[in-house]
Structures are given as structure tokens and as C-alpha cells.
Amino acid sequence: MFWGISPALDLQQEYLRYGDDSAYELNFLVIGGSDARHLIKTLAEAYRHTRRYMNLFVIDGCPELVARQLLLLSLSLEKTTRCGLLEKTRRFLEIYGNLLLRPPTSRYLIAKARQLVGMITNPDYMNCLLPCISIEQMKYRERDYMENLLNFWTTGNTNQFNACELWEHRIRLSLGVRYDNRVGVYDWDFHMRLRENASQICFQEYKHFREHGVAFTWLETEVCRPNVSLAAGVYKCGDRYLHRGYLGDMVTSPYVAYGLDSEDKDLLKSSHGVNYKRATDVSERNVMRLLYELENRERFDADVMNIDSKQNLGMVVLSDFDAKISETGPEAPLLLREDRNTYINVDYGKVHFLSPSALEHYPHKPQFQGLFHGVFIGQNMLSRIKPSVWSMARDDAIVIMESRKYMVELKRDDVKAFGDQIQQAAAAAQGEKTGSFDPQTDDFARFLIRRRSESSDFSA
């Protein structure tokens, strides 16, 4: 929950490997993406392909994930006129994967939450600022809950969301009698399970995340405000808000989406098993590239940007800080510009958020029959996929199913058993393998829908 456990994908590139490259419009369905990584990467790298319009339909398990994706998308689509590209990148990563935030990022989150409340309650306002995002197909009760959730975000550090205590409670509950030897548990999980699949992650940063819930750190920053966007089950009770605390991942870490590989291969160097760069540094470069290409629609070149790549932080030992919430008063209000020029104009695609019940009802709607060129299914939603869902996919559609390769808490037999479930789902979809699939080594299983003979219609 809150972040995905597989690298970000360019869905258009995935389809064009096997599909019709003369199509003038593409439709993709993302089920259980958990965050906006596939959406951002697909939109950011659209300029690398022939210009065509894209509709990205998103179904997730709960409104908290939709609200987070709205937050991350709106942040990504802001122009770098108010803050620089580096600050925007770090702000994104903090909100994405840190339990604690810097005060400036916390103020930004509060201001952005106020703006998103206006967008959710007024579709015309959203269409004016972010015409490339739509929530009109979500149910009113889900929008009402999201409004309540976003109002909770606006309370910042003055609410009852004590992130540090909640994290500590979850650690004690999950480890039980092993709590006093928790560093040994972190060491075992890292070296025996995570290291073999995600070698770019350094043990020091992984241990720091497991202990404090803070994944992305930089030498000159200090975090002391709760990341209220990680709260779940929020309900208003009089003048107060009740919530179920933090219910997200505490074991796998948020490094998987952006921090394991990069187009800049110099970031992936290592010596005697020690990385020159942390997964944090790789994530920063990858997110910076996506945000730059999303705004400028041209290749990102780190050398032209004069980015310092010489610092070796792979062996840096992070000091144990006293993780606690700063007991200051309310945040100083931050005002965001509210005009059309604040956001990047994305005229080549649109993101449509759907209700979770769409998995039940949309396969029976005529306009969705054979609509999607590509379908992504997250590991947490595979059990909810019924055979009727596949009627929404074209005969040449690419189906991408997420494996549980990076889930540290699972045994190898469990990972392999989930691979068998993927094979069964592919058989129900009449999917044809694009290659071999090993659930213990592959991030995804890819299949092509082949309902008819080889003379299938590949027209757009």
C-alpha cells in the first residue's frame, strides 16, 4: 500500500513492442498500480514515440491511494517556475516515501491539499487547472471520503497523526519478542532476501527506513513533520479526526519503483559489493529525468544540467537521529498560484480515475468492450480479477502482471505459488506468453491477448 513493488513502466512502449504502431489513440487500464509511477512515466516519455492520444484508466483498492496519486500527479505537472527542478524532485520523493517531511515540504503538502479539495468538490475548477485528470467517473461517496481525507491533510502537524509513535507501534507489533534484536532482523531481511533482487539498495539506507520510516535522505536536510498523506481510514468526529494510523509497507521499502536501475549507468557502479550511489541517488536522478521530460518534452542530459555525480554516498553511515515530531504551532500558510499557467499542458493524454466497483460493472458496458490496448495488474489486485474483465481488452492487448519478487516478508515458495496464480489468470484471459517467466527473478509477467487466430484484426 502507498507505493508499488515493481519498477515504473512506459505503458506505450510496452504495447508498441508487440502491437500496432500505426494506432492514433491508445487506451490503457492500470489496476492496482498503488501509486502514479506508470502514469507519470508513460506521460513523460510520450514524446519519444509518434504523437498519439492516450487514455489512462486507473482502478485502485481504496480512496487513499487515489488521493495520493492525485497529489503526486499534480505535483509532477507543476511547472518549475516556483521552485527548481532539484527541489521539485526531492519534494516528490519525500511525499512519496518518507514518513517524516521537512517543514517546507509539509507546508507545500497542506497548501496542495487545500487546492485538491477545491478540485474534487468543483469539477470545473479541476478541469480549468488540470484538464488532463478526471475523477468524474468515481462515485460521490468516494469523492466525499476523499474530500474528508484531504481536509485531514490540511491540519498538518496539529492533528493526532503522530507518525513516529505509529511506526514504532507497528514495529513492536510485527516483531514481537524479536524487537530488541530488530537490527539483526533488518540485516537478515536485507542480505538474505532483498539484496539478491535489488542490489542497488544499500544496507544503511534500508536499515534507516526500517527503523524510522524515512527512505530518502540528503545530507543537508532535516525531517520533523508528519507525512499526513500516509494516513488511512480517516473519519471526522466532531472537531477532530479519527484514523487507523499507518497501514502501509514497512519491509520492502519505496526504493523499488525508481531506485534500482537508470539510463545513466555510471550511477550503478559498485566496488567489492559496495555501491558508489545509494538507491536514493538513483531514485532522485530517475524522478528528475521524468519531471524534466514531462515539462520540456526533450531528452534529459545530466552533463548539460551540470549535476554533481561525484559524491560517493554508498558507504555513508547514516547517523541515528531521534525521530520525533516537532512540537511547534501551526504551519505558516503557503499560497499556491491557481491559474492555468501553473501546470504543464498535457494535450496528448488524460488520466481517468474509476471506482473499485468498475471491475464488476464496466466489463458489461458496451463502450468498454475491446477498448484497452494494455492492462497492468498489481499483485494486490490479481485475486479480484474475474474472467469478465478480459472482455475489455483488445485481441492484440498486452497484459502485464506484477510479480511478488521484491516482497521481503514472503518465502520463496510463496513467491513461486503466486507465479502459478499469474499463470492461471493468463490462461483465463487466453493470454500468449511473450517470453519465459520466472516469478523469483522477473519483475513482470507479460502476455498477449489472442482470442482469435493469427489473422486477428490489428487496426486502431
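Bear in mind that the values in this text are calculations on the coordinates, not laboratory data. Predicted model, so just to flag it, every value in this text is computed and none were measured. Cβ sites come from the backbone with ideal geometry, for glycine too, and all protein chains shown count toward neighbours.
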| request: Please work out the Cα center distance from the stretch 335-384 to the stretch 169-245, rounded to the nearest Å. | output: 30 Å
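I need Met192, Met250 ordered by Cβ neighbour count within 10 Å, fewest first.
Numbers: Met192 10, Met250 17.
Placing the least packed residue first, the sequence is Met192, Met250.
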| task | Translational diffusion coefficient, Stokes-Einstein: compute it for the stretch 110-178 using the Kirkwood radius over C-alpha pairs as Rh, at 25 °C and 0.890 mPa s, and state it as an integer in µm² s⁻¹. | result | 171 µm²/s
| task | Rounded to the nearest 0.05, what FRET efficiency do Ser357 and Thr80 give with R0 = 41 Å and r taken as the Cβ-Cβ distance? Could you check? | result | 0.60
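Take every Cα pair under 8 Å in the chain that's 6+ residues apart, average their separations, divide by the length, and report that relative contact order as a whole percent.
On the way: 767 pairs, mean separation 116.4, N = 460.
Relative contact order, the chain: 25 percent.
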| query | Where the Cα atoms of the stretch 150-229 are projected onto their three principal axes, how long is each span, largest first, in whole Å? | reply | 42, 33, 22
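Indicate the gyration tensor shape class of the stretch 40-101 (rounded, prolate or oblate), computed on the Cα atoms with a ≥ b ≥ c the square roots of the eigenvalues: a/c under 1.5 is rounded; otherwise a/b larger than b/c is prolate and the rest oblate. Provide the component values of the computation, followed by the final result.
Numbers: a/c = 2.55, a/b = 1.16, b/c = 2.20.
Because a/c hits 1.5 or more and a/b fails to exceed b/c, the stretch 40-101 counts as oblate.
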| Gyration tensor (alpha-carbon) shape descriptor, the stretch 1-127, a/c threshold 1.5 | prolate
| Summed residue charge, Cβ within 10 Å of Val183's Cβ, Lys/Arg positive, Asp/Glu negative | 0
| said: Give me P(r) over the chain, computed from all C-alpha to C-alpha distances, binned every 10 Å, as integer percentages. | reply: 4, 20, 31, 28, 14, 2, 0
| query | What's the extension gain from Asp144 to Asn122 if we count 0.36 nm per residue and subtract their Cα-Cα distance? | reply | 6.7 nm
| Looking at the stretch 169-250, which trypsin sites (Lys or Arg not before Pro) are DSSP coil and have at most 13 other C-beta atoms within 10 Å of their C-beta? | Arg244
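If you average 1/r across every pair of different Cα atoms in the stretch 10-70 and take the reciprocal, what Kirkwood value do you get, in Å? Write out the running numbers ahead of the final one.
Details: mean 1/r = 0.0812 Å⁻¹.
So the Kirkwood estimate lands at 12.3 Å.
Decide, for the stretch 211-280, between rounded, prolate and oblate: order the square roots of the alpha carbon gyration tensor eigenvalues as a ≥ b ≥ c, take rounded if a/c falls under 1.5, and otherwise choose prolate if a/b is larger than b/c, else oblate. Let's see the in-between values first.
Numbers: a/c = 3.44, a/b = 2.62, b/c = 1.31.
It is prolate, given that a/c is not under 1.5 and a/b is the larger ratio.
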| request: Could you pull out every residue, at least 5 positions away or on a different chain, whose amide H is within less than 5 Å of the one on Val351? Hs are placed 1.01 Å off N in the peptide plane, and Pro or chain starts have none. | output: Leu56, Ile133, Ser134
| request: Beyond 22 Å, what share of the Cα-Cα pairs of the stretch 79-234 is found? Please give it as a whole percent. | output: 54 percent
